[in-house]
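Peer 1: Pasting a structure below so you can have a look.
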Amino acid sequence: MSDIIVTPQTQTRTWPQLGLRWTAVSTLLLILIALFLLSLTLGSVRIPLRQILVILLGGEADKATWATIVYAFRLPKAITAVLAGAALSVSGLQMQTMFRNPLAGPFILGINSGASLGVALVVLTVGVTGTTLLAGLGLLGGFGVIIAATLGAGLVLLLVLLLSRYVDTMTLLILGLMFGYITGALVSLLLYFSSPERIQAYISWTFGSFGGVTWGQLQVMIPAVAAGLALAWLFAKSLNALLLGETYARSLGLNVQRTQAVIILSTAVLAGTVTAFCGPIIFIGVAVPHLCRMAFRTADHRILIPVAVLMGAVVALLADLIAQVPGSQIVLPLNAVMALLGVPVVIWVILRRRSLRSSFAGG
C-alpha cells in the first residue's frame, strides 16, 4: 500500500483531538461490556450476574444448568453479535467512503443479497440437516459457505463499483436494489426445487439471528472477520484520501484501483461472513457509521474504524437483547428490531441535508 499523506487539515483534527475523545471511547467500551454481560444474564431464564462471573471464571454455579445455558447458548451468541456488529459497521463505513454516498451499505446496495445467493447455492449442494441452515456442514462446510457468500457479495459489489463510474448516486442506489431483486429471484427459484425442510430453514435464516452459531462455526467466523477488519485498518489512510475524490487521491500517490480492490475484498469478506452465519442483517452497515461520525465529529478512518467496531457491537447486542424479550419465551425477528433502530438514523441522514438530492451526494 502506498504511504499516503493525508492533508494537514485532516491531520490536525485527528490525533491531537484523540486524547479528548478517550472519555467517549471509554464510555462506549463500558457500555459494550455491560451489554455483553446483560446478554449472558437475561433471557427466558434469568441468571444472576454474580453467577455469570463465577461461571466465566471457571467456578461452579449454584445450578448446573446455568453453566450449560451460558457456555452452550448465550456466550457464543453474544460473541457472534459482537463480531457481526463490528463487521457490518466497518463494511458499511468503507462503502460509504468508496462511493462517497451516505446511504451506501451492504443491504441497500444488494451486497447481502449476493451473499445470500452464494449461501443458497452451497446449501442446495451440501444439503441441510438439523434445525438451522448451516447445521451439519462442519468446519470444512463452514469455510465453503464463507467462500460462497464472499464471492456472491464481492460479485455484486464489483458490478456496483463498475456502474458507479457511469451513473449518478441516485441511479446507483436503484441499481443496487435491482441487483437485490435479481439475486432474490434466483434464490426463490433455487428454493422452489428444494425440500420443505430446506425452505423452512432458509426462511428462518433470512429473519436474521445471532443464536444459531456454534463454537465450531466461530472457529471459522472469528478469523474471517478479523482478516476483513485488519484489511480495513491497514487501508485507513487510503480511505481518508478517497474522501477527497479519486483525482486528488491519485495526486497524493494513491493507487486507486488497488485500494478499491482491497476495499471490495474486505467488504465482501465482512458482509459475506456475517450473512453466511447470521443471515442478511439489515441497517447496521448504513446507520452505525453515521452514529460514529456524529458522536466523534471526525472523518478520519483511523478513528472511525475502531469506533465503528465498538459502536456496531453495541448496536448488535442491544438489538439482540430487545429481540429476546427478556423474561419471556418470545423471540422477535432480529431484522424487525434492526429496522426499528436503523430507520430513524437513515431518515435523520436524509432530513439533515438541505434537499433530498444532496442527501444522495457524496459524503
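What follows draws every value from the coordinates through simple rules; no lab data is involved. Everything quoted here is computed from the prediction, not taken from an experiment. With ideal geometry, Cβ positions are generated from the backbone for all residues, glycine too; neighbour counts draw on all protein chains shown.
Peer 1: What does the extension gain come out to for Arg165 and Val25, with contour length at 0.36 nm per residue minus their alpha carbon separation? If you can, show how the numbers build up before the last one.
Peer 2: On the way: separation 140, 0.36 × 140 = 50.40 nm, distance 3.70 nm.
In short, 46.7 nm is gained.
Peer 1: What fraction of the Cα pairs in segment 240-344, stated in percent, has a spacing above 20 angstrom?
Peer 2: So the portion of pairs separated by more than 20 Å is 52 percent.
Peer 1: What is the fewest-to-most order of Arg258, Arg21 by other Cβ atoms lying within 10 Å of their Cβ? Before the final figure, lay out the partial values.
Peer 2: Values: Arg258 13, Arg21 17.
Ascending Cβ contact count within 10 Å gives the list Arg258, Arg21.
Peer 1: In Å, what Rg and Dmax follow from the Cα atoms of segment 312-353?
Peer 2: 12.4, 42
Peer 1: Per residue of segment 252-265, what does 6.51 cos²θ - 1.76 cosθ + 1.60 with θ = phi - 60° give for ³J(HN,Hα)? Whole Hz please, x for Gly and Pro, Karplus curve as stated.
Peer 2: Per-residue couplings from phi come out as 7, x, 7, 7, 5, 5, 5, 4, 5, 5, 5, 4, 4, 5 Hz.
Peer 1: To continue, here is another question. Explain nothing, just the number: relative contact order of segment 243-318, from Cα pairs under 8 Å at least 6 residues apart, as a whole percent.
Peer 2: 21 percent.
Peer 1: Turning to a different aspect of this structure: Please list, in order along segment 61-69, the HN-Hα scalar couplings obtained from phi with the Karplus expression 6.51 cos²θ - 1.76 cosθ + 1.60 (θ = phi - 60°), rounded to whole Hz, x for Gly and Pro.
Peer 2: The phi angles translate into 7, 4, 10, 5, 5, 5, 4, 5, 4 Hz.
Peer 1: OK, next. Regarding segment 284-349, what is the average projected area of its C-alpha convex hull, in nm²?
Peer 2: Average of the hull's projected areas for segment 284-349 equals 4.6 nm².
Peer 1: So for each of 190-196, 300-306 I average, over its residues, the number of other beta carbons within 10 Å; can you give me the resulting order with the highest mean first?
Peer 2: Per-residue Cβ counts within 10 Å, averaged per peptide and sorted highest first, yield 300-306, 190-196.
Peer 1: Neighbouring Cβ atoms within 10 Å as the yardstick, rank Val90, Val220 fewest first.
Peer 2: Val220, Val90
Peer 1: Expressed in nm to one decimal, what extension gain is obtained for the pair Ile222 and Ala339 from 0.36 nm per residue of sequence separation less their Cα-Cα distance?
Peer 2: On the way: separation 117, 0.36 × 117 = 42.12 nm, distance 2.56 nm.
Taking Ile222 through Ala339 to full extension adds about 39.6 nm, to one decimal.
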